[in-house]
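Here the structure is laid out as structure tokens; the discussion comes afterwards.
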Amino acid sequence: MKPNTKKEKTFLFILLLILCSSLTSNGQEQIPIPVSKKETKAVVNSISKLVNKYYVSLEVGKQMSDLIISNNKSGVYKNITDPNKLAAQLTNDLRSINGDLHMNVSLHSPSGTVKENKVSKNIDTKGTWSNYGFQEIKVLDGNIGYLKISHFTNWNSFEEAKKVINSSFLFLQNTDALILDVRNNRGGFEEIVAYLISYLFDEGPIHLSDYYRRYENKRVGIYTSKDIPGKKLPNIPVYVLVNDQSASAAESLAYMLKHLKRATIIGETTMGAGNGAMTHKINERFSVSISSETTINAVTQTSFEQVGVIPNIKTSSEEAFNKSYFLALNYLKENNSKNIDPSNYETVIAFLPSNQGKEIVDINSFKEYIGTYKNANVEIVVTANDSNLFAEVIGKGGKLKLIAKGNHTFLVDNLKERIQFVMNEENEIIKLIGIDSPMELEKTK
């Protein structure tokens, strides 16, 4: 329909201008400001000087410096106009010398785009937005504490992070064992790690490690804190969960506790980012992180740089939690000072969703369980896909996953119920019974 009046035409014209302006503005917010050759040269030259001065090894720092200067002169960076791509390329080049994971070029400011919103989209991901990295705390069945730490924040949040650690250990003060989970934790400020470790020793201060700074020819020690608020937990067993994405300060936590023989490390070999790093602002949008401190463990007199922390017990990242939980329960069953009957721990162990060394039913044999089981009151249909077995109570709706425990026994999802399939002398499944409830169903088909 065409506008009939001059007023209508004017209104539609203004509306069109507003829409076009809005679309242009939104598009500008997403378009990076191109990197000029002049800026690229300035960034490369700045990084070159910084790695020469601050890198832990004078020789390796010179190799990094020479490489990026040479690359710039030979035109490796000349066609890179996207600031994010330039940062990624420089990071790869710096790391190519010796694989140092702390070497990193990044954009520290959103000014890398043509236009920004007046309301900042930036959030403090290492601070209040993530509770300074302490993101899950609970007490598991069996009175076992669990603390998930996603990162160790940064130096300027140290005092706030200490308050969170104090609160965490106040909550955990009556537990009989502790699981510290730093899987996928990429590190942070190591003094925070030292402060946390303080709660696991009665004495103090304990010498944990040193940092040697070549650029200052100075060695700085890292120690636990003697005076911390609340109750310490020096005697309970501690388990630290790691995986191949645990890095830097997260690795320090595991490495220190392992060699102080204060914790059992469970999971996968970690990333091997052992050097301490400093971040330097290059210009209004580029920053570079440089390994500037060599870590020297107080016990081993070396570090996990390029090697990683090797767990006491190797298992997959996915199985690390169940393994630690199982070990903690078993330890407490055999070494508890509270006169708790061992059967209480055995009951909790029975419901762990892992075989922990028991025979697991092969997926190919799931077909023998498929069928209908019923009595006068209940009918259950058991089905399977390529990887799981399911049970559905007719009339109740929804399928429940059955988790194999061995000996034809399964956990029923997360209900704390177990069932067992019964066989006759011909090894045919004839019955389904409840282990934790009085249920007995005949297989009908």
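The values are calculated or read from the model by the stated rules, or taken from the named source; none is laboratory data. All of these numbers come straight from a predicted model, not from anything done at the bench. Positions of Cβ are backbone-derived with ideal geometry, glycine not excepted, and every protein chain shown enters the neighbour counts. All accessible areas refer to the heavy atoms of the entire protein, side chains included, with ligands and DNA or RNA removed. Shrake-Rupley method; radii C 1.70, N 1.55, O 1.52, S 1.80 Å.
Values as computed for the structure displayed
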| item | result |
| --- | --- |
| Filter result for Ile228 (in a loop (DSSP other than H, G, I, E, B), buried (at least 17 other Cβ atoms within 10 Å of the Cβ) and over 22 Å from the mean Cα position of the chain (by Cα)) | yes |
| Considering residues of segment 126-142 that are of a type outside the set (Lys, Arg) and within 15 Å of the chain's Cα centre (by Cα) only, the residue nearest to Ser246 (Cα to Cα) | Gly133 |
| Inter-residue pairs, beta-carbon under 6 Å, first in contact (Cβ under 8 Å) with a residue 24 or more places away in the chain and in segment 417-445, second assigned to a loop (DSSP other than H, G, I, E, B) and open to solvent by 40 Å² or more (accessible area, probe 1.4 Å), 6+ apart | Arg418/Ile435; Arg418/Asp436; Phe421/His408; Leu441/Asn375 |
| Flag for Leu332 being among the hydrophobic types (A, V, I, L, M, F, W, C), more than 30 Å from Tyr212 (Cα to Cα) and within 24 Å of the chain's Cα centre (by Cα) | no |
| Condition met for Gly27 (open to solvent by less than 60 Å² (accessible area, probe 1.4 Å) and either closer than 30 Å to Glu293 by Cα or at pLDDT 95 or above (or both)) | no |
| Exclusive hit being among the hydroxyl-bearing types (Ser, Thr, Tyr), more than 30 Å from Asn217 (Cβ to Cβ) and at pLDDT 95 or above, set Thr270, Thr372 | Thr372 |
| Criterion violated by Phe169 - all others in (1) part of a strand (DSSP E or B); (2) open to solvent by less than 40 Å² (accessible area, probe 1.4 Å); (3) touching a Gly at 6+ places or on another chain (Cβ under 7 Å) satisfied | (1) |
| Strands (runs of 3 or more DSSP E) wholly inside segment 394-445 containing at least 2 residues that are under 17 Å from Lys367 (Cα atoms) and in contact with a Cys (Cβ under 9 Å, 6 or more places away or on another chain) | none |
| Candidate set: segment 117-142, residues that are in a loop (DSSP other than H, G, I, E, B) and among the charged types (D, E, K, R); chosen: the one modelled with the highest pLDDT | Asp141 |
| Residue list for segment 47-74, restricted to those being crowded, with 17+ Cβ neighbours inside 10 Å and more than 17 Å from Asn104 (Cα to Cα) | Asn72 |
| Some residue of segment 212-221 being modelled with pLDDT under 95 and more than 17 Å from Met278 (Cβ to Cβ) | no |
| Single residue of segment 143-160 satisfying the filter (part of a strand (DSSP E or B) and open to solvent by 10 Å² or more (accessible area, probe 1.4 Å)) that is nearest to Gln245 (Cα to Cα) | Lys148 |
| Number of positions in segment 197-232 that are among the polar types (S, T, N, Q), over 18 Å from Ser168 (Cβ atoms) and free of Cβ contacts under 8 Å to residues at least 40 places away in the same chain | 1 |
| Selection from segment 280-339 of residues that are among the hydroxyl-bearing types (Ser, Thr, Tyr) and over 30 Å from Lys53 (Cβ atoms) | Thr315, Ser316, Ser317, Ser324, Tyr325, Tyr331, Ser337 |
| Residue match in segment 89-106 (condition: within 25 Å of Glu293 (Cα to Cα), of a type outside the set (Phe, Trp, Tyr), touching a Lys or Arg at 6+ places or on another chain (Cβ under 8 Å) and part of a loop (DSSP other than H, G, I, E, B)) | yes |
| Test: Thr175 is of a type in the set (Ser, Thr, Tyr), within 14 Å of the chain's Cα centre (by Cα) and crowded, with 16+ Cβ neighbours inside 10 Å | no |
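Yes/no per residue for (1) over 32 Å from the mean Cα position of the chain (by Cα); (2) under 22 Å from Ile144 (Cβ atoms); (3) modelled with pLDDT under 95; (4) open to solvent by less than 50 Å² (accessible area, probe 1.4 Å):
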residue	(1), (2), (3), (4)
Ser324	no, yes, no, yes
Lys338	yes, yes, yes, no
Asn344	no, yes, yes, no
Thr347	no, yes, yes, no
Leu352	no, yes, yes, yes
Gly357	no, yes, yes, no
Asn377	yes, no, yes, no
Gly395	yes, no, yes, no
